1. Test residue 101 against the criterion of being in a helix (DSSP H, G or I), modelled with pLDDT of 90 or more and either on the phi > 0 side of the Ramachandran plot or touching a strand residue (DSSP E or B) at 6+ places or on another chain (Cβ under 9 Å) (or both), and give yes or no.
2. For residues that are over 21 Å from the mean Cα position of the chain (by Cα) and either buried (at least 19 other Cβ atoms within 10 Å of the Cβ) or without any contact (Cβ under 8 Å) to a residue 12 or more places away in the chain (or both), scanning just region 4-52, find the one that is nearest to residue 301 (Cα to Cα).
3. Looking at (1) under 19 Å from residue 118 (Cα atoms); (2) modelled with pLDDT of 95 or more, which is the only condition residue 232 fails?
4. Which of (1) farther than 29 Å from residue 222 by Cβ; (2) in contact (Cβ under 8 Å) with a residue 40 or more places away in the chain; (3) surrounded by fewer than 24 Cβ atoms within 10 Å (Cβ to Cβ) does residue 304 not meet, given it meets every other one?
5. Against the definition (modelled with pLDDT under 95, touching a strand residue (DSSP E or B) at 6+ places or on another chain (Cβ under 8 Å) and under 26 Å from residue 140 (Cα atoms)), how does residue 267 come out, yes or no?
6. Residue by residue through region 143-167, note down the ones that are modelled with pLDDT of 85 or more and surrounded by fewer than 19 Cβ atoms within 10 Å (Cβ to Cβ).
């Protein structure tokens, strides 16, 4: 446990540096937005493309893995939704809170941290988790929010979801990388070196951007934030572990990667969606802040457990 904690400490240290820079105003909201955009559209996309291009679809596509992760997601999603319904909140609010309960920061935090701690062999499994999050649940929240407002799910909603996936650079990068791998295409050496240099900026840039963005997050709605953090950091990895290890019999290493992904704190894009649609942005903001701080202790515990498997 101590060894894992010490390994994660430098990564969380970069997040802390970004937070400090944001809090003192050295790295303001506009600078953070531009850094996030650079990482999201360029650095992280280059990294994902190279990772995917070096994999084979047979290594990535494992239906027992996908179903185990989906079932764990759906279980916690249903619990969070039931609590929202009991409290008498709207469908749109329920969609945001349920999203906080299951969508972890796989892109900005999971890929650099878990690839380092669990080895490059973990990358295929991490990408499967990321794909499920992006394709299934990023689409679902948009459908639920717009459908609840319009009273129906029409072609306009489905068009918005489809275009959102096509414009998502992570989806595009992974798809193109797997296509290169499938057709056994080879990048010219200068192009590969260019993408390697660009992708090398993803880890420090993403971690710093996480910290700087946290500096602008509020600590409102504390009770809800704590509950959603418990869901994300506790219930989610537990549910995924049950389905992966006891029901679907996922290979131990892949199951460990999946569980570690489930233990990641709430993703920043949940706040972006909540803010875009003006649905419970303060709750999403607080859940991101609380879960990220708490994960400094909880994530090493989970990683130490899965590596012991």
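The values are calculated or read from the model by the stated rules, or taken from the named source; none is laboratory data. Keep in mind that what you see is a predicted model, and the values were worked out from it rather than measured. In this analysis, Cβ positions are derived from the backbone assuming ideal geometry, glycine residues included, and neighbour counts consider all displayed protein chains.
1. yes
2. In this case the residue turns out to be 6.
3. (1)
4. Residue 304 satisfies all of (1) farther than 29 Å from residue 222 by Cβ; (2) in contact (Cβ under 8 Å) with a residue 40 or more places away in the chain; (3) surrounded by fewer than 24 Cβ atoms within 10 Å (Cβ to Cβ) except (1).
5. yes
6. Result: 143, single match.
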